[in-house]
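A quick write-up on the structure given underneath.
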Amino acid sequence: MWAAVVVYIVVFLSSCLLALKLSSYKRSPSSSAAATKKLKLPPGPKPLPIIGNLLQLGQRPHQSLQDLSKIHGPIMTLKLGMTRNTIVISSPHFAKQILQRHDDLFSDRTVSDTIRVLDHHNLSVAMLPVSPQWRKIRKVMATQMFSQARLDASQPLRLQKVQELIRHIRNTCSDDQTPLELEHAVFITVLNFLSNTLFSADLAHYRSEQSQEFKHLVAKMLELGGKGNFSDYFPVLKYLDPQGLRRANKAILSSIIRVFEDIIDQRMRSGFEPNETSCHKDVLDVLLDQGEDGGLQKLTTQEIKHLCADLYIAGADSTSGTVEWAMTELMRNPSKLAKAQAELSQAIPMSETIQESDITNLPYLQAIIKETLRLHSPTPLLLPHKAQTDVEISGFLVPKGSQVLINVWAMGRDPALWRDALAFEPERFLDSDIDYRGQNFDMIPFGAGRRICPGLSLAHRMIPLILGSLLHSFRWRLEDGVKPEDVDVSDKFGITLHKRLPLRIIPIPRNS
């Protein structure tokens, strides 16, 4: 506590000195500051001197910004610290303006000082501005990882990994009394699917302490990335890194990158021949061997390492988190759980496993996933966009360089958009054409436009397969003494939104 107080004092005094220094310079009436006064910014809460609206963000910015939008409107301006204008969007109308109509002008990123380590912001497809380098990496992802053909070809591998998950749960919880920490098990499953796609080998094991540590690193990195960094709000503090966020993130990312360095170095030493157990090249073989004559510009080894980090950090975390939220809501709503399992039993015999082709015949399962993404968007504020120039949006002006946050979490809970907005009601999607793949702006948990999540097509296949298999293979009950209404649904803010407390539930094989 006292350390935080000291940091605030340092921030305050340093900022005051900077403000005094800046105010000592004389500016002509034609300066940019004078011109800015003429701009019509969106409304917003009045900022305090020096710190602006920082104190109004709180520990759960997605909820604080929702509350502020109820007062100031679906497009509003915040002043965060001394330098950063932030425009907050909380409605489909304005989100569509940003992500579709003016997509080309808002496609760059505002990158936190926390993430500017190991040159990650210059190598990460998530953080790069739209540029030839960004297009090169996105093209590789679209053709070599997430194309329809690649996803169709990897369907047996996904099924294999999900069945390994089911076997692990059966073996671990065979006494019908042992609770399972669901999110961790699902995380390992997705991690191993990705590693087999990329490297033809499992990267993690369900009972491995090393796997637990890897998951902890990913979760911590996402948590750090979502924290407000004084260095962003008060540039004079950049080199001090007063909260230690940049130093902590550097250590974490170094550990994650080192895993991929070892794999890539070993593959390069071996001449990147196809894996001995496989008759075809995996993605790493293709990336290392890919030249411009194959229609793609070759990625550098540094780009490959950071691309792997992006895939693991974003892909495994968001998928496992969504499955955990879905199961949390089903455990809180036993009638919905029973309805989902009845649909599965009717469509698929108990002796058979779910195939991806079965998902289209399971409308209620699909509705559960949509409802989960509505209430618990994996990335509550998306990744920050940045205005490349002054842009007029519905009569308001968004100044060049402004950070733009899109509060999809608030949009998913807006009573003006959704009847009984806070209730878990998958039925609302049974007769609805609303989807989550970036075309309907009422619900854009993966974003939209050119910066839409590149792994969306994989998540669209993986989440229903995992969730459906869990529901088809087991009956689920809460630990003794826990009632459905007692299941915790509080969240913990970061780049992604996690449950504050992990879900612990007891699986019972449905054929027992």
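Return the residue satisfying two criteria in turn: it lies in the stretch 337-367 and is among the small types (G, A, S) and closer than 21 Å to Q163 by Cβ, and of such residues it is least open to solvent (accessible area, probe 1.4 Å). Give the steps one after another, and end with the answer.
Just the residues of the stretch 337-367 that are among the small types (G, A, S), to begin with: 338, 340, 342, 345, 347, 351, 357, 367.
In the following step, the residues that additionally are closer than 21 Å to Q163 by Cβ were identified as 340, 345, 347, 351, 357.
Details: A340: 2, S345: 48, A347: 51, S351: 110, S357: 79 Å².
Result: A340.
Being within 26 Å of S231 (Cα to Cα) and either in contact with a Lys or Arg (Cβ under 8 Å, 6 or more places away or on another chain) or modelled with pLDDT under 90 (or both) is a property that holds for A19.
For the residues D119, D103, the requirement of being surrounded by fewer than 21 Cβ atoms within 10 Å (Cβ to Cβ), in contact with a helix residue (DSSP H, G or I) (Cβ under 8 Å, 6 or more places away or on another chain) and closer than 30 Å to W418 by Cα singles out D103. Within the span defined as the stretch 308-322, every residue fails to be open to solvent by 30 Å² or more (accessible area, probe 1.4 Å) and farther than 30 Å from I256 by Cα. Any residue in the stretch 49-65 that is hydrophobic (A, V, I, L, M, F, W, C), in contact with a strand residue (DSSP E or B) (Cβ under 9 Å, 6 or more places away or on another chain) and more than 23 Å from E223 (Cα to Cα)? Taking every residue of the stretch 49-65 in turn, none turns out to be hydrophobic (A, V, I, L, M, F, W, C), in contact with a strand residue (DSSP E or B) (Cβ under 9 Å, 6 or more places away or on another chain) and more than 23 Å from E223 (Cα to Cα). Restricting G447, G438 to those that are at pLDDT below 95 and either more than 16 Å from the chain's Cα centre (by Cα) or in a loop (DSSP other than H, G, I, E, B) (or both) reduces the list to G438. In the stretch 212-229, of all residues being among the hydrophobic types (A, V, I, L, M, F, W, C) and within 14 Å of the chain's Cα centre (by Cα), the one that is nearest to E183 (Cα to Cα) corresponds to A219. With respect to (1) open to solvent by 20 Å² or more (accessible area, probe 1.4 Å); (2) touching a strand residue (DSSP E or B) at 6+ places or on another chain (Cβ under 7 Å); (3) of a type outside the set (A, V, I, L, M, F, W, C), the lone exception for R437 is condition (2). Inclusion of V186 among residues that are part of a helix (DSSP H, G or I), within 23 Å of the chain's Cα centre (by Cα) and under 29 Å from Q243 (Cβ atoms) is not warranted. Whether a residue is modelled with pLDDT of 95 or more, crowded, with 20+ Cβ neighbours inside 10 Å, under 23 Å from N85 (Cα atoms) and within 18 Å of the chain's Cα centre (by Cα) was assessed, and V404 passes this test.
Here I87 passes the criteria (1) modelled with pLDDT under 95; (2) open to solvent by less than 70 Å² (accessible area, probe 1.4 Å); (3) closer than 19 Å to I393 by Cα except the one numbered (1). Look at the stretch 66-78: where a residue is part of a helix (DSSP H, G or I) and modelled with pLDDT of 95 or more and a partner is of a type in the set (G, A, S) and buried (at least 21 other Cβ atoms within 10 Å of the Cβ), sitting 6+ places away or on another chain with Cβ atoms under 8 Å, you get Q66/S90; Q66/A410; L68/G44; S69/S90; S69/A410; H72/G44. Checked against (1) farther than 26 Å from A149 by Cβ; (2) among the polar types (S, T, N, Q); (3) at pLDDT 90 or above, T197 meets all criteria but (1). Given the condition open to solvent by less than 30 Å² (accessible area, probe 1.4 Å), under 25 Å from E303 (Cβ atoms) and in contact (Cβ under 8 Å) with a residue 60 or more places away in the chain, answer yes or no: does some residue in the stretch 158-174 qualify? No, because not a single residue in the stretch 158-174 is open to solvent by less than 30 Å² (accessible area, probe 1.4 Å), under 25 Å from E303 (Cβ atoms) and in contact (Cβ under 8 Å) with a residue 60 or more places away in the chain. Taking the condition more than 30 Å from S91 (Cα to Cα), of a type in the set (F, W, Y) and modelled with pLDDT of 95 or more, does F474 pass? When the stated conditions are applied, F474 passes them. Scanning the stretch 415-445 for residues that are in contact (Cβ under 8 Å) with a residue 60 or more places away in the chain and within 10 Å of R374 (Cβ to Cβ) yields L417, F424, P426, R428, F429, I434, Y436, D442, M443, P445.
Out of R475, R461, I need the residue that is more than 17 Å from S320 (Cβ to Cβ) and either assigned to a loop (DSSP other than H, G, I, E, B) or not hydroxyl-bearing (S, T, Y) (or both). Which one?
Values: R461 fails: more than 17 Å from S320 (Cβ to Cβ).
Selected residue: R475, the only one of R475, R461 that is more than 17 Å from S320 (Cβ to Cβ) and either assigned to a loop (DSSP other than H, G, I, E, B) or not hydroxyl-bearing (S, T, Y) (or both).
Check whether at least one residue in the stretch 394-401 is touching a residue at least 12 places away in the same chain (Cβ under 8 Å), open to solvent by less than 10 Å² (accessible area, probe 1.4 Å) and over 16 Å from V489 (Cβ atoms), and report yes or no. Can you show your working first?
Here is the first cut: in the stretch 394-401, the residues touching a residue at least 12 places away in the same chain (Cβ under 8 Å) are 394-401.
Remaining after also requiring open to solvent by less than 10 Å² (accessible area, probe 1.4 Å): 398.
Filter again for over 16 Å from V489 (Cβ atoms), leaving 398.
Within the stretch 394-401, one or more residues are touching a residue at least 12 places away in the same chain (Cβ under 8 Å), open to solvent by less than 10 Å² (accessible area, probe 1.4 Å) and over 16 Å from V489 (Cβ atoms).
Per the conditions (1) surrounded by 21 or more Cβ atoms within 10 Å (Cβ to Cβ); (2) without any contact (Cβ under 8 Å) to a residue 24 or more places away in the chain; (3) under 30 Å from I304 (Cα atoms), the sole criterion not satisfied by S131 is (1). Every listed requirement among (1) open to solvent by less than 30 Å² (accessible area, probe 1.4 Å); (2) outside any loop (DSSP other than H, G, I, E, B); (3) touching a Gly at 6+ places or on another chain (Cβ under 9 Å) is met by E371 save one, (3).
Q266 meets each of the listed conditions (1) more than 26 Å from L382 (Cα to Cα); (2) among the polar types (S, T, N, Q); (3) touching an Asp or Glu at 6+ places or on another chain (Cβ under 8 Å) apart from (3). Residue pairs whose Cβ atoms lie under 8 Å apart, sitting 6 or more positions apart in sequence or on different chains, and linking a residue in the stretch 307-319 that is acidic (D, E) to a partner that is part of a helix (DSSP H, G or I), are D317/F187; D317/V218; D317/A219; D317/L222. Once the stretch 467-497 is narrowed to residues that are in contact with a strand residue (DSSP E or B) (Cβ under 8 Å, 6 or more places away or on another chain) and of a type in the set (V, I, T), the residue that is least open to solvent (accessible area, probe 1.4 Å) is V487.
For the stretch 210-260, the set of residues classified as without any contact (Cβ under 8 Å) to a residue 40 or more places away in the chain, open to solvent by less than 30 Å² (accessible area, probe 1.4 Å) and either within 17 Å of L54 (Cα to Cα) or part of a loop (DSSP other than H, G, I, E, B) (or both) consists of G244 only.
The values are calculated or read from the model by the stated rules, or taken from the named source; none is laboratory data. Model, not experiment: these values are computed from the prediction. We place every Cβ from the backbone using ideal geometry, glycine too, and count neighbours over all the protein chains shown. Note: accessible area is taken over every heavy atom of the protein model, side chains too, but ligands, DNA and RNA are not part of it. Shrake-Rupley method; radii C 1.70, N 1.55, O 1.52, S 1.80 Å.
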